[in-house]
Amino acid sequence: GFAMFVPSIAFPQILTLPPASGGLGLPLLAAGLILMPSGLAMLVLSPVAGRIIDRFGPKPLLVAGSVILAVSYLIALLVPATGWAIALVMTVVGIGIGLGYAAMPSLIMQAVPVTETAAANGLNTLLRALGTAASSAIVASVLAHSAAESSTGDPTSDGFRLALLLGGAGAIISIVLAIAVPGPRKLSGVPRCGSRKSLAQTPNG
């Protein structure tokens, strides 16, 4: 959640800040269109992610999504901030998020009893919201601090770079955590979700 949300805070400001402050000086409509590829990439990847999970399982998909998200930050840090570059980065961000978010519910349902799937998925949603909230607060603080030290009163390129570095660090942590996710466990007495045989294995199935 943290790594996902940093571009949604930093890039709109880069796109709309005046050129004198290091931004692109675009109107809100143009900025929104440049950010739109992220959502489109997630939409297009939804059926693709399902097929990948069926073939390889959800864990490799989560690892791949985290790696792609980290690559998007690398591109953002190395490529000059132009409209096309930001659109490219947002597309890569959407691909990483689409793959990772498709994998997490499957991983959760494989790891908990059927009776706990609602609570486990609810906790996943809660922690994701906590990550986005933390991202908003931290990135806003970083940009506000850089703006306070700027002669123009706007966030500086160093502030945006630090925000992207923090997001990249979150993506790298996501990779480590994704690799550390254990495989499906057999739970005694209670069937796991994510299997077509689950209901048939219950006493009343």
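The values are calculated or read from the model by the stated rules, or taken from the named source; none is laboratory data. These numbers were taken from a predicted model, which means no experiment stands behind them. Virtual Cβ from ideal backbone geometry, glycine too; neighbours counted across all protein chains shown. Side chains included, ligands, DNA and RNA excluded: accessible areas come from the protein's heavy atoms. Shrake-Rupley method; radii C 1.70, N 1.55, O 1.52, S 1.80 Å.
Of note, Tyr73 satisfies the criterion of being among the aromatic types (Phe, Trp, Tyr) and either open to solvent by less than 40 Å² (accessible area, probe 1.4 Å) or more than 29 Å from Leu126 (Cα to Cα) (or both).
Using the structure shown, decide if Ala147 is in contact with a Pro (Cβ under 6 Å, 6 or more places away or on another chain) and surrounded by fewer than 18 Cβ atoms within 10 Å (Cβ to Cβ). Lay out the reasoning, then the answer.
Values: in contact with a Pro (Cβ under 6 Å, 6 or more places away or on another chain): yes; surrounded by fewer than 18 Cβ atoms within 10 Å (Cβ to Cβ): yes.
For Ala147, the condition - in contact with a Pro (Cβ under 6 Å, 6 or more places away or on another chain) and surrounded by fewer than 18 Cβ atoms within 10 Å (Cβ to Cβ) - is met.
If a residue has to be over 14 Å from the mean Cα position of the chain (by Cα) and either surrounded by 14 or more Cβ atoms within 10 Å (Cβ to Cβ) or modelled with pLDDT under 90 (or both) to count, how many in the stretch 126-139 make the cut? Spell out the reasoning first.
As a first pass, look at the stretch 126-139 and keep what is over 14 Å from the mean Cα position of the chain (by Cα): 126, 137-139.
The next check asks that each one be either surrounded by 14 or more Cβ atoms within 10 Å (Cβ to Cβ) or modelled with pLDDT under 90 (or both); those that pass are 138-139.
Of the residues in the stretch 126-139, 2 are over 14 Å from the mean Cα position of the chain (by Cα) and either surrounded by 14 or more Cβ atoms within 10 Å (Cβ to Cβ) or modelled with pLDDT under 90 (or both).
Of the residues screened, Pro105 is not one that is under 23 Å from Thr132 (Cβ atoms) and open to solvent by less than 20 Å² (accessible area, probe 1.4 Å). Could you check the stretch 99-118 and list, in sequence order, the residues that are small (Gly, Ala, Ser) and under 15 Å from Pro60 (Cβ atoms)? Hits for the stretch 99-118 are Gly100, Ala102, Ala103, Ser106. One residue stands out among those in the stretch 1-33 that are of a type in the set (A, V, I, L, M) and open to solvent by 60 Å² or more (accessible area, probe 1.4 Å): the one that is nearest to Thr156 (Cα to Cα), which is Ala20. Within the set Ala118, Ala41, Ala85, the sole residue that is farther than 18 Å from Ser174 by Cα, of a type outside the set (D, E, K, R), open to solvent by less than 70 Å² (accessible area, probe 1.4 Å) and free of Cβ contacts under 8 Å to residues at least 24 places away in the same chain turns out to be Ala85.
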